[in-house]
1. Do any residues in the stretch A:149-163 that are free of Cβ contacts under 8 Å to residues at least 12 places away in the same chain and under 15 Å from residue B:19 (Cα atoms) have Cβ atoms under 7 Å from those of residues that are assigned to a loop (DSSP other than H, G, I, E, B) and β-branched (Val, Ile, Thr), where the two are at least six apart or on different chains, and which pairs are they?
2. Provide a single number: the residues in the stretch A:104-138 that are in contact (Cβ under 8 Å) with a residue 40 or more places away in the chain and outside any helix (DSSP H, G or I).
3. Counting only residues that are within 27 Å of residue A:92 (Cα to Cα) and facing chain B (nearest Cβ under 10 Å), give me the helices (runs of 4 or more DSSP H) lying completely in the stretch A:190-299 with at least 1 of them.
4. Among the residues of the stretch A:118-147, which ones are more than 26 Å from residue B:201 (Cβ to Cβ), facing chain B (nearest Cβ under 9 Å) and surrounded by 22 or more Cβ atoms within 10 Å (Cβ to Cβ)?
5. Modelled with pLDDT under 90 and more than 23 Å from residue B:152 (Cα to Cα): is that true of residue B:173 in this structure?
6. Hey, any hits in the stretch A:81-94 for a residue that's surrounded by fewer than 20 Cβ atoms within 10 Å (Cβ to Cβ), out of contact with any Phe, Trp or Tyr (no Cβ under 6 Å at 6 or more places or on another chain), modelled with pLDDT of 80 or more and part of a loop (DSSP other than H, G, I, E, B)?
7. How many of the residues in the stretch B:96-140 are of a type in the set (Gly, Ala, Ser) and within 12 Å of chain A (Cβ to nearest Cβ)?
8. Would you mind listing the helices (runs of 4 or more DSSP H) fully within the stretch B:132-234 where at least 3 residues are under 21 Å from the mean Cα position of the chain (by Cα)?
Amino acid sequence: MSVAVEPRHGNPGALQAIAAEHARSRRRRRLRGLGKHAFLIVVTLLLVAPFYYVVLASFKSSTEIFTYPPKLLPIPPFIGNYQKLLGDTGFLRWMFNTLFVAGTVTLIKVFMDSMAGYALAKLQLTGKRAIFLAMLILLMVPLGALIVPLWALVNWMGLTNTYLALILPPLANPLGVFLMRQFILGLPKDLENAGRLDGLSEFGIYRRIILPLIKPGLVVLAVIIFTDQFMSFIWPLIATSSDDLQVLTVGVAALRSHGGADYGLWSAAAVMSLVPIGVFFFVLQRQFLARSLAGALKQ
Amino acid sequence: MFLFFVVFLVIPVVGTVWWSTQAGGIVGGTTNVGLQNFQRLPDLVGATAAIQNTLIFALLSIPPILIGALAISLVLARVGRGAAAYRFFVYFPVLVPGVVAGLIWLFLTNVDFGLFDNVLRAVGVQPVTWLGSDTALGVLAALDVWRNVGYWAIFFVAAIIGLPQELYQAASLDGASTAKRFWYLTLPLMRRILFFAIVVSTIWGLQVFDTALVLTNGGPGTATTTIIFRVWQYVFGTNDKVGFAAAISLVLIVAILTLTLAQMRLLRSRRGDD
């Protein structure tokens, strides 16, 4: 390596050796880069293959689905499964219910959680620490473990088979408050103090100063809540028995359990269920990926 | 918010304790039987099988999820071109509701036309009955790996990107190999993150329900009957035993609270203070 100090006057043999060494390391780096991509491509294919297989099945008639070897491209595509799904089942109604419930919960919760988070972060409240600790401890308790008392409670309130039964219990989840508290704690104090000097009320400070600052956090929170709501199953399953109130997951599960095996219909249902969340993900990729990171904020 | 938190979370948690001492149906009257439900719980074949299945499920699914996620994230964090596309595809299964995931896996595990058996046929191996009583729980765990590996992979990517680069440069100058850098730098630096991931993925794993309902309906027999599946059966199935349901729920809640508290304690002690 000492020859590298004076490359211009060094002997040509050493120069060549250095050049060769460079080329070798470059090649090695490129090879390693290729290895990385090969690994990621294999992982991606493994993860995506199930989707492709189901999309494929959804464009086949029942006999074609059972044909071996399977056709790997659905040409000509058979759209009977989709016609049946949209025409003969309540799929569109389920989809509406899911979007309506998830949308409502998201709207209410983003507003409520950010306010509660502000209160926990900045206001002098008696018992603030106790509330916060209780939320932290119960953060992970799932609705699924609470279905007995929750059902009894909602039944006692006379809410079974109403949209309220689907919307109210998920509002209790403390994750959003928790995230918002952490987020708001990270904001500089000067701004709100300035607001206070200007005679803003606490709500005014929240609305005019805090809210604009935490907008990016709110979008992430909305994505977290909406996705959880979109995927929720056990509570909607037991809270509603009327067909009109079934959400997507409940309706799709009913397709599976009632009537005989209809693989064509099931595959179409699986594909169509993923369309809305897929579109949202494509548009809001960054926020969705941040959903995974929200866990890190918990620390 | 605080009102909802109390009404729909605190009261139900406390309510579970009350219900667990009751016998009878959820709508009819109930009678207080004290701790009898808990005393009888170990003898109930259904209850013990459900707890066992859930624990085995967690043991089968969590190690591959976290190890796989770590492997993916180590590569994904160091890749330049195409990173966004990889992230998109790796994360996509995470957004599939459990019910839909169960449906999708019906198409992979079907004996006549499933993807797995078609691949086996193509390479000349005898097809396998994937959802038989010996394998169904394993398939359910595999489904969970497929659905959750992306979540933790993206989570770890963020952690890895946040690691101090100077340490890695120093290690490179000292001639540490990639494997050594991983073992002596990345792993220790990510200790807290990994611990967090283990606890949270365990808590999630204990809640498995919707995939089991759609893919195998808890069967064959009770091979894939999980805790929440059993709770649901006790309350809304033919046998109206709400006390048992609450008692098993309480076991689950206590397990989850213990894990949460252990995590809070450990993270706090490492940091000194809240």
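1. Once the first residue is free of Cβ contacts under 8 Å to residues at least 12 places away in the same chain and under 15 Å from residue B:19 (Cα atoms) and sits in the stretch A:149-163, its partners that are assigned to a loop (DSSP other than H, G, I, E, B) and β-branched (Val, Ile, Thr) give A:152/B:26.
2. Of the residues in that region, 1 qualify.
3. Qualifying helices (runs of 4 or more DSSP H): A:215-231, A:234-239, A:248-257, A:263-283, A:285-297.
4. Listed by number, the list is empty, since nothing qualifies.
5. Details: modelled with pLDDT under 90: yes; more than 23 Å from residue B:152 (Cα to Cα): yes.
Taking the combined requirement at face value, the residue satisfies it.
6. So in the stretch A:81-94, the residues surrounded by fewer than 20 Cβ atoms within 10 Å (Cβ to Cβ) come out as A:83-84, A:86-90, A:92-93.
Narrowing further to those that are out of contact with any Phe, Trp or Tyr (no Cβ under 6 Å at 6 or more places or on another chain): A:83-84, A:86-90, A:92-93.
Okay, now just the ones that are also modelled with pLDDT of 80 or more, so A:83-84, A:86-90, A:92-93.
When the remaining residues are screened for being part of a loop (DSSP other than H, G, I, E, B), the result is A:89-90.
Yes.
7. Filtering the stretch B:96-140 for residues of a type in the set (Gly, Ala, Ser) gives B:98, B:101-102, B:114, B:122, B:124, B:132-133, B:136, B:138.
So of that shortlist, the ones also within 12 Å of chain A (Cβ to nearest Cβ) come out as B:98, B:101-102, B:114, B:122.
Residues that pass the stated criteria total 5.
8. Numbers: elements: B:136-161, B:165-173, B:178-181, B:191-205, B:210-215.
Ranges flagged: B:136-161, B:191-205, B:210-215.
The values are calculated or read from the model by the stated rules, or taken from the named source; none is laboratory data. All of these numbers come straight from a predicted model, not from anything done at the bench. Neighbour counts run over all protein chains shown; Cβ positions are idealised from the backbone, glycine included.
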